[in-house]
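Novice: Here it is, the structure in full.
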Amino acid sequence: MSVAESRALALLFGLAPAAGFACACGCGVFDVGTVTMLPSQPGGAVYLEDDYMNQNQNWVGSHAAPASANTDKELQTNFGDLGLDYQFNNDWGATLELPYWDRLFRTDVGTPALPDVTTFRHSAIGDTRLTARYSGFSSDLSTGLTFGLKLPTGDWTYPNFDRDSSIGTGTTDLLLGGYHVGSIGAGPHLKWFAEVLLDRPFNTREGYRPGNEIDAAVGALYDNIALGQVGTLATLLQLIGSDRLHDSGVNADPANSGYHRLLLSPGLEAGFGRWQVYGDAEFRVYHYANAASSVAIEGTQGQLVPAVLFKVMVSYHF
């Protein structure tokens with residue numbers, strides 16, 4: 001495999017782990033576009049990642065709604081992650097992701113006549129993800145399948161968080177996806193890529209089951225920008241789509257859960273020998289949020305959504 005193809009695959013798989021867990025906050029979007037570093041030959045990579053999302057806009061359908069209609073006011077999260085990716089041979093690889101989240105939740109715990117917006121903060125281990133990768137369809141590893149599990153290691157019992165805002169879901173989920181990387185034109189440095197990932201919970205835990213979620217990305221990258229004598233720079237532009245079904249169970253809020261959305265995400269990756277640094281911003285293009293038909297029916301209406309999401313990652317290849 002050429003250096004250009006290696007970097008294309010690294011960009012495709014390099015940077016969207018931590019938030020790979022199913023959650024009503026919409027963090028599954030970090031799972032596509034760039035997932036853990038995929039080597040072009042046997043070997044491994046370790047990485048540290050921090051993703052950030054501040055959900056502070058109430059949304060009903062495809063438009064903003066009054067903040068007063070939603071008892072939840074803000075959900076602000078740093079999705080930290082320690083990851084290990086290892087390619088055993090040209091056909092098989094595996095990834096282990098160990099998350100740690102810090103979450104701030106502002107919600108109205110009072111009554112309509114006497115509102116009481118209270119802030120809670122909780123930091124805890126998230127839901128661990130273990131996935132395998134098969135890339136033996138072609139000699140250049142350009143096409144592959146991923147499959148694995150999200151394990152219920154995250155805390156879902158913190159008393160001041162709703163189940164759909166808890167750090168863990170309490171469920172074991174199937175993770176199933178696929179990807180492809182191709183060239184644009186005759187040169188080796190301009191690439192396109194596509195990826196899709198399904199997250200399907202197997203079970204219900206204490207009256208809560210998150211909705212099935214599909215996230216997909218398609219984009220292009222260019223990886224031949226020199227940074228003097230010290231490294232190289234790659235640029236990335238991708239369109240990310242998500243579709244999530246309603247949550248279910250007695251401790252869920254089915255009416256105010258589930259969504260469809262599109263995000264436009266520019267990104268940069270700098271390579272310095274065995275080290276790589278990546279960052280992107282994911283801007284909302286379209287968002288449709290399921291919502292109760294009125295505040296009077298459920299006492300709350302809408303979902304909190306972010307205007308932009310951020311992702312930063314540092315990785316070392318060995």
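Here, each number is a calculation from the coordinates, and none is a lab measurement. Nothing here was measured: the structure is a model prediction, and the numbers come from that model. Heads up, the Cβs are rebuilt from the backbone with ideal geometry, glycines too, and the neighbour counts pull from every protein chain shown.
Novice: When a footprinting reagent is the concern and you count Cβ atoms within 10 Å, what order do K311, K150 take, fewest first?
Specialist: Taking fewest neighbouring Cβ atoms as first place, the list is K311, K150.
Novice: Report, in debye and to the nearest 20, how large the dipole of the chain comes out about its Cα centre when Lys and Arg carry +1 and Asp and Glu carry -1 on their Cβ.
Specialist: Magnitude of the dipole: close to 240 debye.
Novice: Continuing with this model, one more query. Among V312, V295, rank each residue by its count of other Cβ atoms within 10 Å, from fewest to most, as a rough exposure measure.
Specialist: Going from least to most buried by this count: V312, V295.
Novice: Magnitude of the Cβ-charge dipole of segment 97-149, K/R +1 and D/E -1, about the Cα centre, nearest 20 debye?
Specialist: Computed about the Cα centre, the dipole is about 40 debye.
Novice: Now for a different question. At 7 Å along Cα-to-Cβ for each site, give me the label-to-label distance between L84 and L237 in nm.
Specialist: Between L84 and L237, the simple spin-label model gives 3.9 nm.
Novice: Also, I was wondering about something else. Projecting each Cα onto the charge dipole of the chain (Lys/Arg +1, Asp/Glu -1 at the beta carbon, about the Cα centre), which of S248, F272, T171 comes out farthest on the positive side?
Specialist: F272
Novice: Another question, if that's okay. Taking each pair of distinct Cα atoms in segment 175-318 once, what is the resulting Kirkwood hydrodynamic radius in Å?
Specialist: One decimal place: 17.9 Å for the Kirkwood radius.
Novice: Using unit Cβ charges (K, R positive; D, E negative) and no other charged atoms, how large, in debye to the nearest 20, is the dipole of segment 60-151 about its Cα centre?
Specialist: Result for segment 60-151 is approximately 140 debye, rounded to the nearest 20.
Novice: Can you tally the net charge around P115? Count Lys and Arg as +1, Asp and Glu as -1, for every other residue whose Cβ sits under 15 Å from the Cβ of P115.
Specialist: Net charge in that neighbourhood comes out at -2.
Novice: Another one. Over the Cα atoms of segment 161-207, compute the convex hull volume and normalise it per residue, giving Å³.
Specialist: So the per-residue Cα hull volume is 98 Å³.
Novice: Find which of Q55, L98, A307 sits farthest along the positive direction of the dipole of segment 3-317, computed with +1 on the beta-carbon of Lys and Arg, -1 on that of Asp and Glu, about the Cα centre.
Specialist: Farthest along the dipole direction, towards plus: A307.
Novice: Cut-off under 28 Å on the C-alpha distance; same-chain residues fewer than 8 positions from K150 excluded. Which lysines are left, in chain and number order?
Specialist: Straight-distance partners of K150: K311.
Novice: Still on this structure, please answer the following. Positive end of the charge dipole of segment 150-221 (Lys, Arg +1 and Asp, Glu -1 on Cβ, about the Cα centre): tell me which of V181, G207, L221 has its Cα farthest that way.
Specialist: Looking along the dipole axis, the top candidate is V181.
Novice: Here is a further query. Round to the nearest 10 and give me the degree value, 0 to 90, for the angle of helix 3-13's Cα axis relative to the longest principal axis of the chain.
Specialist: Helix 3-13 sits roughly 10 degrees off the main axis of the chain.
Novice: In which sequence would Y208, Y134 go, from the one with the fewest C-beta neighbours within 10 Å to the one with the most?
Specialist: Y134, Y208
Novice: Can you check what the Kirkwood hydrodynamic radius comes to for the chain, Cα pairs only, in Å to one decimal?
Specialist: About 19.9 Å for the chain.
Novice: Sum up the charges of everything whose Cβ sits under 9 Å from the Cβ of I240, counting Lys and Arg as +1 and Asp and Glu as -1, but leave I240 out.
Specialist: It works out to a net charge of -1.
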